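Colleague: This is the structure, below, for whatever I ask next.
Just so you know, all these numbers are worked out from the coordinates, no wet-lab data involved. Note that the coordinates shown come from a computational prediction; the quantities given were computed from them, not determined experimentally. Cβ atoms come from the backbone with ideal geometry, glycine included; neighbour counts cover every protein chain shown.
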Amino acid sequence: MIIFYKQGAVLSPFYNYGMYSDKISPEEDYEVMKIYVDGALLKGKDFSSQEWDRLYLSLQRYLDKDSVNDDMITVKNRLLRKLHAGRFENLNAAFSGTIPATGFQHWYKELVESLTREDAHNISIYKYKYKWDGNQLKMSDSTMLMNISR
């Protein structure tokens, strides 16, 4: 056992007592995004972790694109050009708000169909808000974020 003055007791490279010693209390508010395909809820347990990340994170990144600071993208592109790596500038387009909704929706529909191995006639994405009342989570609000239909 090795003891670090600032970081606590370490029993092996895998366990640091200080990392797991505090009680984790529930938050007051939670937001959950749910994806429905033809009325059926997609569940993470039905996909590999990589597939679920592709479904969930690509959607989350697209929906969050408007909150990205465009000035930061401009600075990043300028830096790429100075490093003679300007060919990578197009990778920033996904975060600059320049992708039209129809382009993303077409791409996302193809992604869903490839991972579920079924035709998707209707894909609905909702955001649910939950509140912790001290005993359980209770839904407080829901919003449709996107609907992709044939």
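Colleague: Going by how many other beta carbons lie within 10 Å of each one, how would you line up 34, 82, fewest first? Spell out each step's value before the answer.
Modeller: Working: 34 15, 82 9.
Fewest-to-most ranking of 34, 82: 82, 34.
Colleague: How do 62, 128 line up, fewest other C-beta atoms within 10 Å first? Don't jump to the answer; show the numbers that get you there.
Modeller: On the way: 62 20, 128 15.
In order of increasing Cβ crowding within 10 Å: 128, 62.
Colleague: Cross-link partners among aspartates and glutamates for residue 129, C-alpha distance below 13 Å, same-chain residues fewer than 8 apart left out?
Modeller: Reachable aspartates and glutamates: 27, 28, 29, 31, 141.
Colleague: Pop out the ³J(HN,Hα) list for region 45-50 in order, Karplus 6.51 cos²θ - 1.76 cosθ + 1.60 with θ = phi - 60°, rounded to Hz; leave Gly and Pro as x.
Modeller: Here the 3J(HN,Hα) series is 5, 8, 10, 5, 4, 5 Hz.
Colleague: Follow-up question, since we're still on this one. Structure shown: which of 109/131; 43/109; 109/138; 45/138 lie over 25 Å apart, alpha-carbon to alpha-carbon?
Modeller: Details: 109/131 31 Å; 43/109 17 Å; 109/138 31 Å; 45/138 23 Å.
From the list (109/131; 43/109; 109/138; 45/138), the Cα-Cα distance tops 25 Å for 109/131; 109/138.
Colleague: So how far apart, in nm, are the two label points at residue 82 and residue 132 if each is 7 Å from Cα heading toward Cβ?
Modeller: 4.4
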